[in-house]
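Take a look at the structure set out below.
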Amino acid sequence: MGFGDDLAPGDESFRERFDRILRRKKPPGPGELAGDMERACAVLESEPSRQRPPDKEGLPGGIVHLRPELPLVVLPDIHARLDLLACALKASFPDHGIDQPLLEALEQDRAQLLFLGDYVHSEARARERWLKAYKEFTRGFRKHASMDEEMRESLGVLQVVALLKTFYPDRVHGLKGNHENITNEKGQGNHPFGKFVLEGAMVVEYMKRFYPGAPLEALYRFEKGLPLLAVGQSLLASHAEPARFFDTSRVINYRSNPDVVEGLSWTDNGQAREGSVAAMLDHYLRCGASPEAVYLGGHRPVAGMYALRAQGRFVQFHNPDLHVAALPPVNRPFDLQRDIVNLQDLSDQGEARHGKNS
């Protein structure tokens, strides 16, 4: 089918792998994809209890505790945007304690990175491609150029997230979003997905045809191993606004509580029970009324840099047209104007400074 070569990672660095994924014109080979996802699964399934308290079965639970001493970069929904990942890893944030490119800071144990989920499905920016891919789907993928391009991006993002987790396991964390449902299942807190066409059904059919067995199984396992809630010093984060209050035990034991999976990844605007965010902040941070406590999420797009919900306590910052990041501070209250940034603006400023000094 002309996919990428099944190159073994060997002694390649993350930088080498990332560069190859960015330059690749085709989806990954099945063996390469399976290997990357299986290695990431091994990391997810053996995370230390201080970072991810274990559930009743002894597996890492649904809460990940962030390292309080490291500056933090939070990225909302990726949606197959490899360029967003590249932009973030090249950016530096000197006003937030990261005075070198983020990737270098990760390598040197001087920063941490949190993803809020939704790694796949290009959505509106590739609407016309989805429509073409739907025709390929209805014809049994006898031809599949449009779907190949979608999966090159989506699987590429999944590979990069998996590689980051494998190379920097205590500094990079990815939460589960509602799009992390490679088999388009209904149940276990998941729902089938379709927005412009039948995206979920199209992806699973493509995976079954071109990535059967180990690659598909490893991706499914990877999704099931992702936590749902990140806890920092003055920070909570989940993919979506919490539908209601979920206590520590229920979130840790998310594998047996599908309502928690759904309630932290699928909540639409206006669906959350009143007081849920404040109750979560108070329960997990013991500072629900403090202005320093903030709850970050993505899921539903915003028109500008951010939108406020739950009496201003829940900050949504997923804009699919911008490369937005949140930079929660550790020694002062969260400042919406200072701590939510457009990475493209930072890149332009950096290039301007470089040109001025050259």
Quiz item: What dipole magnitude, in Debye to the nearest 20, does the chain give about its Cα centre under +1 on Lys/Arg Cβ and -1 on Asp/Glu Cβ?
Solution: 620
Quiz item: What's the local net charge at E69, with K and R +1, D and E -1, over the other residues with C-beta under 15 Å away?
Solution: +2
Practice problem: Multiply the residue separation of E274 and R127 by 0.36 nm, subtract the distance between their alpha-carbon atoms, and state the gained length in nm to one decimal. | Solution: 49.4 nm
Quiz item: Using mean Cβ contacts within 10 Å as the protection proxy, how do 38-51, 219-232 order, highest first?
Solution: 219-232, 38-51
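Provide the packing ranking of 146-159, 13-26, 176-189, i.e. peptides ordered by the mean count of other C-beta atoms within 10 Å per residue, highest first.
Order by mean packing, descending: 146-159, 176-189, 13-26.
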Quiz item: Are any of the pairs K56/K224; K25/K176; K165/K195 more than 22 Å apart by Cα-Cα distance, and if so, which?
Solution: K25/K176; K165/K195
Quiz item: What shape does the range 13-94 take by its C-alpha gyration tensor, where a ≥ b ≥ c are the square roots of the eigenvalues and a/c under 1.5 counts as rounded, a/b above b/c as prolate, and the rest as oblate?
Solution: oblate
Quiz item: Rounded, prolate or oblate: which fits the range 43-194 when a ≥ b ≥ c are the square roots of the eigenvalues of the alpha-carbon gyration tensor, with rounded for a/c under 1.5 and prolate only if a/b beats b/c?
Solution: oblate
Quiz prompt | In Hz, Karplus ³J(HN,Hα) per residue of the range 27-41 (6.51, -1.76, 1.60; θ = phi - 60°; x = Gly, Pro) | solution = x, x, x, x, x, 5, 4, 4, x, 4, 5, 5, 5, 5, 4
Quiz item: With springs only between Cα atoms under 10 Å, which of G29, G312, G200 fluctuates most in a Gaussian network model of the chain?
Solution: G312
Quiz item: Once Lys and Arg get +1 and Asp and Glu get -1 on their Cβ, which of L116, P192, A237 lies farthest toward the positive end of the dipole of the range 14-357?
Solution: P192
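Every number in this text was worked out from the coordinates using simple rules, so none of it is lab data. Keep in mind the model is a prediction, meaning the values are calculated, not measured. So basically every Cβ, Gly included, is an ideal-geometry build from the backbone, and we count neighbours across all protein chains shown.
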